[in-house]
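*Asks:* Following this message is one structure expressed as structure tokens.
The values are calculated or read from the model by the stated rules, or taken from the named source; none is laboratory data. Only a predicted model underlies this, so the values are computations on that prediction, with no experimental measurement involved. As a convention, Cβ positions derive from the backbone with ideal geometry for all residues, glycine included, and neighbour counts pool all protein chains shown.
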Amino acid sequence: MEQYAIQMKGITKTFGSVVANSNINLTLKQGEILALLGENGSGKTTLMNMLSGIYKPDSGSISIFGKEVSINSPEDSKKLGIGMVHQHFKLVDVFSAADNIWMGKEKPGLVLKKSRYARIREIASKFGFDLDPEKKVYNMAVSEKQTLEIIKVLYYGAKIIILDEPTAVLTVQEIKKLFDVLRKMKQEGHSIIIITHKLNEVMEISDRVAILRKGEYITTVETSKTNENALTEQMVGRKVDLNIDRPTVDKTSPLLEVRDLSILNDEGSVAIDKVNFYIRGGEILGVAGIAGCGQKELCEAIAGLRPIQSGQMIHKGDNIVGLSPKAITEKGISMSFIPEDRLGMGLAPSMSITDNMLLKNYRDAKGPFIDRKRGRAEAEQVIKSLEVVTPSTETPVRRLSGGNVQKVLPGREIKSGPNVIITAYPVRGLDINSSYTIYDILNKQKLNGVGILFVGEDLDVMLSLCDKIMVLCHGKLMGVVHAHKATKEMLGLMMTGSLDLTKEKSHGIAKDTLFKDVLVSADAPETAAQAEEEISNSGDKEE
């Protein structure tokens, strides 16, 4: 007889008139990895929050290891051996890793036993984690914070682990390491649920896949007996073309040229070191690099939100360094910035979708009153075109699911009619259908002559979507390449610094032979002949 770690039967959860989960049945076997798949707003996180004690079901039953239970709080969930690692980490930045683990676990006392550090190191070593218990959270990389969250639930004795979008902010190398850890946990008898939108990861790591659609349970299938196209069709309810278009656009003069740009990070260290590149109208320039290589600082500096240490940004012969976003617009660059931190920097969480739409252009009002009717109409258009799941246009964005928040910001920025778009991870947290909607929108902007700087994490997507890809390593430029002539392996070598195409030779490889057709000059062409040569090597003549 099959042994189940979790059995959820007839689970229903509503929020006012919104039905988040309707009569859901879900099982998790002991010692398996179950992928939970569904579009944004399909009820995945709500369902898991009922297991973690954040919400309580309106109806239905939950059994843990064969015993029916009532989970009324996170403490109840913890006692039952359930641990959830949320998409947005629940950590105190000024505390050390150990202090974050001990909070709520250890009894207060006058003497702190050093043996407690040993227990943390023991767990880390057992599963192959690399974590310094005494390191402060604010000094940690994203992958270290996630490691801390996982070790925290293991320290509490969790046998059932729920991971909500665990790879959303990890590099390719970090994802591989995480999956190795998950396999070890499975071998140790842990039962794991992983919520993700990345179908290639679903196929690689899971034993079974449970699919939700619009709050309803669709099916559970064995991973070995399905494929990405079949999963997409079951998730969306119709066939979805998984090919990404790269339309051909006549090349124009550079909209923005960056020369010898240097930028500092928040700690005062060099984040971007004398980088050169340019963005043409009708072109998508990808930016690839391991997390923390300077992409965030680069985007903020171009958008006028971060001081530039040295260098120039040239638009039609004028240097726009030091100008405010408003002054940049007055120079003729209508720039839209879609930051990595959606709720912290891009949107006002407590304000409605309508009011967030108005944040972009409220200064344009001719009288003392803001035209909320216009803002509401724009909000309705974004909700319809991007299929944002929300009760109304007046819903605060903090009450939307992570994926739906992800749609509101690009919707607002693109609606403003920019000629340059700076976007960092625009599809992070989005399901397949929504991701392809964003790709289509970016391609439409490209066809309209917009220049796009696209910071991404999925190299396969970047190779398919972008015209050129600029690779950074520790803030330095490793080279700019034609996307349709480059390979994922080449980009990986450049991202780690093993291949530097800005140098005549890189690890004994002659740049001017093997990579001659792949490499693009980082400097904008100064003559018509140089421009013609670049265009002839570009994606306009793909083989």
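*Asks:* Filtering the range 262-278 down to residues that are in contact with a helix residue (DSSP H, G or I) (Cβ under 7 Å, 6 or more places away or on another chain) and in a strand (DSSP E or B), which residue is surrounded by the fewest Cβ atoms within 10 Å (Cβ to Cβ)? Before you say what the answer is, go through the steps one by one.
*Replies:* Step one: filter the range 262-278 for residues in contact with a helix residue (DSSP H, G or I) (Cβ under 7 Å, 6 or more places away or on another chain), giving 263, 265, 271-272.
Next cut, in a strand (DSSP E or B) only: 263, 271-272.
Numbers: I263: 23, A271: 25, I272: 26.
Ranking the candidates gives I263 first.
*Asks:* Let me ask another. Of everything in the range 63-79 that's surrounded by 20 or more Cβ atoms within 10 Å (Cβ to Cβ) and free of Cβ contacts under 8 Å to residues at least 60 places away in the same chain, which residue is farthest from G157 (Cα to Cα)?
*Replies:* Checking each candidate, the answer is I71.
*Asks:* Among the residues that make up the range 507-526, is at least one of them closer than 30 Å to K316 by Cα, among the acidic types (D, E) and modelled with pLDDT under 65? Talk me through it step by step, then tell me what you get.
*Replies:* Our first condition is that a residue be closer than 30 Å to K316 by Cα; within the range 507-526, this holds for 516-526.
Next, only the ones that are among the acidic types (D, E) stay: 517, 523, 526.
The next check asks that each one be modelled with pLDDT under 65; those that pass are 526.
Yes; the residues of the range 507-526 include at least one that is closer than 30 Å to K316 by Cα, among the acidic types (D, E) and modelled with pLDDT under 65.
*Asks:* Tally the residues that are surrounded by fewer than 15 Cβ atoms within 10 Å (Cβ to Cβ) and at pLDDT below 90, restricting the search to the range 444-466. First the steps, then the outcome.
*Replies:* Step one: list which residues in the range 444-466 are surrounded by fewer than 15 Cβ atoms within 10 Å (Cβ to Cβ), which gives 444, 447-448, 460.
Then keep just the ones that are at pLDDT below 90; that gives 460.
Qualifying residue count for the region: 1.
*Asks:* Ok, one more. If I ask for residues that are over 25 Å from N265 (Cβ atoms) and either of a type outside the set (S, T, N, Q) or in a helix (DSSP H, G or I) (or both), which ones from the range 479-492 would you list? First the steps, then the outcome.
*Replies:* So the first thing to find is which residues in the range 479-492 are over 25 Å from N265 (Cβ atoms), and the list is 481-490.
Residues satisfying the conditions are V481, H482, A483, H484, K485, A486, K488, E489, M490.
*Asks:* Can you tell me which residue in the range 437-478 is farthest from V382 (Cα to Cα), limited to those that are in contact with an Asp or Glu (Cβ under 7 Å, 6 or more places away or on another chain) and in a loop (DSSP other than H, G, I, E, B)?
*Replies:* G475
*Asks:* In the range 369-406, how many are under 22 Å from N49 (Cα atoms), surrounded by 15 or more Cβ atoms within 10 Å (Cβ to Cβ) and touching a residue at least 12 places away in the same chain (Cβ under 8 Å)? Can you show your working first?
*Replies:* First, pick out the residues of the range 369-406 that are under 22 Å from N49 (Cα atoms): 388-391, 395-406.
From the residues that got through so far, the ones that are surrounded by 15 or more Cβ atoms within 10 Å (Cβ to Cβ) too are 388-390, 395-397, 399-406.
Next, only the ones that are touching a residue at least 12 places away in the same chain (Cβ under 8 Å) stay: 388-390, 395-397, 400-406.
Residues meeting the conditions: 13.
*Asks:* Determine which member of the set E283, E257 is crowded, with 18+ Cβ neighbours inside 10 Å, under 24 Å from S464 (Cβ atoms) and of a type in the set (D, E). Working first, answer last.
*Replies:* Working: E257 fails: under 24 Å from S464 (Cβ atoms).
Step by step, each of E283, E257 is checked, and only E283 is crowded, with 18+ Cβ neighbours inside 10 Å, under 24 Å from S464 (Cβ atoms) and of a type in the set (D, E).
*Asks:* Let me ask something additional. If a residue must be in contact with a helix residue (DSSP H, G or I) (Cβ under 8 Å, 6 or more places away or on another chain), of a type in the set (A, V, I, L, M, F, W, C) and assigned to a loop (DSSP other than H, G, I, E, B), how many such residues does the range 85-103 contain?
*Replies:* Summing the residues that are in contact with a helix residue (DSSP H, G or I) (Cβ under 8 Å, 6 or more places away or on another chain), of a type in the set (A, V, I, L, M, F, W, C) and assigned to a loop (DSSP other than H, G, I, E, B) in the range 85-103 gives 5.
*Asks:* Return the total of residues in the range 389-411 being in a loop (DSSP other than H, G, I, E, B) and over 13 Å from V18 (Cβ atoms). Steps first, please.
*Replies:* From the range 389-411, those in a loop (DSSP other than H, G, I, E, B) are 389-395, 400-401; that's our starting set.
Now drop any that are not over 13 Å from V18 (Cβ atoms), which leaves 393-394.
Looking only at that region, the number is 2.
*Asks:* Still on this structure: Does at least one position in the range 224-233 carry a residue that is closer than 28 Å to S434 by Cβ, touching a residue at least 40 places away in the same chain (Cβ under 8 Å), part of a helix (DSSP H, G or I) and under 22 Å from the mean Cα position of the chain (by Cα)? Let's see the steps before the verdict.
*Replies:* Initial filter on the range 224-233 (closer than 28 Å to S434 by Cβ): 224-233.
Retained after the next criterion (residues that are touching a residue at least 40 places away in the same chain (Cβ under 8 Å)): 231-232.
Adding the requirement that they be part of a helix (DSSP H, G or I) leaves 231-232.
Narrowing further to those that are under 22 Å from the mean Cα position of the chain (by Cα): 231-232.
Yes - at least one qualifying residue is present in the range 224-233.
*Asks:* Then there is this: Filter the range 359-388 down to the residues that are modelled with pLDDT of 85 or more and acidic (D, E), then identify the one that is nearest to P410 (Cα to Cα).
*Replies:* The residue in question is E378.
*Asks:* Okay, next question. Could you identify the single residue in V142, V221, V137 that is at pLDDT 90 or above and surrounded by 15 or more Cβ atoms within 10 Å (Cβ to Cβ)?
*Replies:* Numbers: V142 fails: at pLDDT 90 or above; V137 fails: at pLDDT 90 or above.
The match here is V221.
*Asks:* Among the aliphatic types (A, V, I, L, M), surrounded by fewer than 17 Cβ atoms within 10 Å (Cβ to Cβ) and either in contact (Cβ under 8 Å) with a residue 12 or more places away in the chain or assigned by TED's automatic domain parsing to the domain that holds I421 (or both): which single residue out of M313, M351 fits that description? Let's see the steps before the verdict.
*Replies:* Numbers: M313 fails: surrounded by fewer than 17 Cβ atoms within 10 Å (Cβ to Cβ).
None of the others qualify; the one that does is M351.
*Asks:* Restricting to the range 237-260, count the residues that are of a type in the set (K, R) and not in a loop (DSSP other than H, G, I, E, B). Before the answer, list the steps.
*Replies:* Residues of the range 237-260 of a type in the set (K, R): 238-239, 246, 251, 259.
In the following step, the residues that additionally are not in a loop (DSSP other than H, G, I, E, B) were identified as 259.
The qualifying residues number 1.
*Asks:* Now for a separate question. In the range 142-167, what residues are in contact with a helix residue (DSSP H, G or I) (Cβ under 9 Å, 6 or more places away or on another chain), touching a residue at least 40 places away in the same chain (Cβ under 8 Å) and in a loop (DSSP other than H, G, I, E, B)?
*Replies:* Within the range 142-167, Y156, G157, A158, E165, P166 qualify.
*Asks:* Regarding the range 24-34, can at least one residue be identified that is assigned by TED's automatic domain parsing to the domain that holds Q187, out of contact with any Gly (no Cβ under 9 Å at 6 or more places or on another chain) and without any contact (Cβ under 8 Å) to a residue 24 or more places away in the chain? Spell out how you get there, then give the answer.
*Replies:* Just the residues of the range 24-34 that are assigned by TED's automatic domain parsing to the domain that holds Q187, to begin with: 24-34.
Still in the running and out of contact with any Gly (no Cβ under 9 Å at 6 or more places or on another chain): 26-29, 32-34.
Of the ones still in play, those that are also without any contact (Cβ under 8 Å) to a residue 24 or more places away in the chain are none.
The answer is no; no qualifying residue exists.
*Asks:* Does R399 count as in contact with a Ser or Thr (Cβ under 9 Å, 6 or more places away or on another chain) and basic (K, R)?
*Replies:* On the way: in contact with a Ser or Thr (Cβ under 9 Å, 6 or more places away or on another chain): yes; basic (K, R): yes.
Spelling it out, R399 is indeed in contact with a Ser or Thr (Cβ under 9 Å, 6 or more places away or on another chain) and basic (K, R).
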